[in-house]
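The values are calculated or read from the model by the stated rules, or taken from the named source; none is laboratory data. A quick note: this is a predicted structure, and the numbers were derived from the prediction, not measured. Don't worry about glycine lacking a Cβ; one is built from the backbone with ideal geometry, like all the others, and counts go over all protein chains shown. These accessible areas exclude ligands, DNA and RNA; they are computed on the full protein's heavy atoms, side chains included. Shrake-Rupley method; radii C 1.70, N 1.55, O 1.52, S 1.80 Å.
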Amino acid sequence: MTIKRNYIAGEWVEGSGTTRNINPADTSDIVGEYATADAEQARAAIAAAYAAFPAWSQAGIQQRSELLDRIGQKILDRKQELGELLAREEGKSLSEAIGEVGRAGQIFKYFSGEVLQLRGDIQPSVRPGLEASVTREALGVIGMITPWNFPIAIPAWKIAPALAYGNCVVFKPAELVPGSAHALTEIIVEAGIPAGVFNLVMGPGRVVGDTIVNDKCVDGISFTGSVNTGRNIAAAAVGRMAKVQLEMGGKNPLVVLDDADLDTAVECAVNGAYFSTGQRCTASSRLIVTEGIYDRFVEAVLERLKTLKIGNPLNPETHIGPVVDERQLQQNLKYVEIAKEEGGNLVFGGEQLQLETDGFFQQPALIIDTTPEMRINREEVFGPVASVIKARDYEHALELANDTEFGLSAGIVTQSLKHATHFKRHAQAGMVMVNVPTAGVDYHVPFGGRKGSSYGSREQGSYAREFYTTVKTAYTSA
Ligand code: NAD
């Protein structure tokens, strides 16, 4: 098997070691073998990005816009093949994987146009005879550290704006999903990126990630991943006064009110909680349901769960693929046990499934009659596990929804304009969904949360410029 290499300073280079990319639906299927970088190679990538920055940041927006358009088109042209690769290495269903690849392509296309929209301001000075102008400039070298659950879309929504606004990139993907990262890098190279502007360093977080976070030549760090890693990265980055942006966990509530359309409520709950194997930071892991609809809702979700097919993601009939790896599977099973021990009532699934191939399959779990203080309602599981909490009325449901240290996405299913409007204003979350699942977002509007879920400026859409540019105020005497 050829070893897929890192890309540093315009060259494909061997690593100091290798890792095997294993298909979580069939552990006998090796997706590929990938080079792992060490700290020295990470430093070489940073040095290359640093050296490339003066020319790239001064390159015209026409050149950058065209490059992004080419990258976006190449991704879209290879949607099927890249979707299969993604499904094989991460485990989401093929249709979800192809959808994610399509999203990555659209993001590059979007920023190809968005970079042409960059504006400044000219204002009269408060001092006579002077004029003040406010412009945006590229930040510098950006380190990107990404998680495994969206192996191409999350890198795309960081890389595209970074390159668009004239930054140079050092990209470290999650260890479990080097395949999509490597394929994306091949496309970026084929599209004609100048040497040093974009670098791929695959490898362990505590070596490669840590080097990126602590190198004084890295001006900004955009991180998506778990809360603990995010906290440590923020402390290190702020300690040396680097710009930092973190997207982390969630414990997203879906509120279902008595007046909800039952079918909509069930679709929102099942899609939001279990699709993509529940491995979405925006997954609805807490279903908060008012008394009048509680029994009917639980019954209908149970019926819907029975229709879901768990299996190989490449099989078109599969709704839910495997959990990403053994460690995550054990974590899911552990949380199901904790929920039961604390008094939750497991009414569906929650066990490992043995299918025809050796993989990390799990039956989605539904735990009812839970209370807000239980660990299942406070800690992120990151798997196909949802808990149901009974609420007295809308006000109680809102209070429960906000009773969390996270604040990424919050949803409500109701036919009441009054309650929907109130919820949009009072849910303590960066994103609010009315009669749609908590997961599933557009790429041209901001993405991000509050409280423990996010730190720093928003990602995606025109708001991405807050992170990837720095503001300059210039005074001119006329
Ligand atoms: P993780 O924190 O374990 O790893 C994320 C990345 O950080 C990986 O690339 C990893 O190698 C790197 N890393 C690990 N230790 C590091 C260190 N000491 N220094 C620098 N980098 C280091 O997270 P994960 O398990 O890959 O992803 C799952 C988590 O990501 C979940 O908590 C989920 O909620 C979160 N997530 C959040 C969003 C969001 O936008 N809010 C999106 C997707 C996933």
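Summary table below
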read-out: From 179, 203, residue being near the ligand (Cβ under 9 Å from one of its atoms), of a type outside the set (A, V, I, L, M) and in the same structural domain as residue 149 (by TED's automatic domain parsing); value: 203
read-out: Selection count, segment 211-228, where residues are in contact (Cβ under 8 Å) with a residue 60 or more places away in the chain and either open to solvent by 30 Å² or more (accessible area, probe 1.4 Å) or more than 10 Å from the ligand (Cβ to nearest atom) (or both); value: 7
read-out: Positions within segment 283-316 being out of contact with any Lys or Arg (no Cβ under 9 Å at 6 or more places or on another chain), basic (Lys, Arg) and surrounded by 13 or more Cβ atoms within 10 Å (Cβ to Cβ), in sequence order; value: 296, 304
read-out: Candidate set: segment 40-54, residues that are open to solvent by 30 Å² or more (accessible area, probe 1.4 Å) and in contact with a Gly (Cβ under 9 Å, 6 or more places away or on another chain); chosen: the one nearest to residue 89 (Cα to Cα); value: 41
read-out: Filtered residues of segment 10-35 (kept if open to solvent by 20 Å² or more (accessible area, probe 1.4 Å) and more than 16 Å from residue 359 (Cα to Cα)); value: 10, 11, 12, 13, 14, 15, 16, 17, 18, 19, 33
read-out: Enumerated strands (runs of 3 or more DSSP E) restricted to segment 83-191, each holding at least 2 residues that are open to solvent by less than 10 Å² (accessible area, probe 1.4 Å); value: 141-145, 168-172
read-out: Qualifying residue in segment 262-272 (condition: touching a residue at least 60 places away in the same chain (Cβ under 8 Å), within 12 Å of the ligand (Cβ to nearest atom), surrounded by 23 or more Cβ atoms within 10 Å (Cβ to Cβ) and within 18 Å of residue 441 (Cβ to Cβ)); value: no
read-out: Qualifying residues in segment 375-434 (those that are among the basic types (Lys, Arg) and closer than 30 Å to residue 337 by Cβ) - the one farthest from the chain's Cα centre (by Cα); value: 392
read-out: Where residue 413 falls short, out of the listed (1) out of contact with any Cys (no Cβ under 9 Å at 6 or more places or on another chain); (2) at pLDDT 95 or above; value: (1)
read-out: Residue check, residue 237 open to solvent by less than 30 Å² (accessible area, probe 1.4 Å) and either charged (D, E, K, R) or within 25 Å of residue 374 (Cβ to Cβ) (or both); value: no
read-out: Filtered residue count, segment 396-423, keeping only those that are among the charged types (D, E, K, R) and more than 20 Å from residue 283 (Cβ to Cβ); value: 2
read-out: In segment 423-474, the residues that are part of a helix (DSSP H, G or I) and more than 15 Å from the ligand (Cβ to nearest atom); value: 423, 424, 425, 426, 462, 465, 466, 468
read-out: Failed criterion for residue 123 (all others in (1) under 28 Å from residue 204 (Cα atoms); (2) at pLDDT below 95 hold); value: (1)
read-out: Residue that is nearest to residue 411 (Cα to Cα) [pool: residues in segment 232-261 that are more than 10 Å from the ligand (Cβ to nearest atom) and of a type in the set (Lys, Arg)]; value: 243
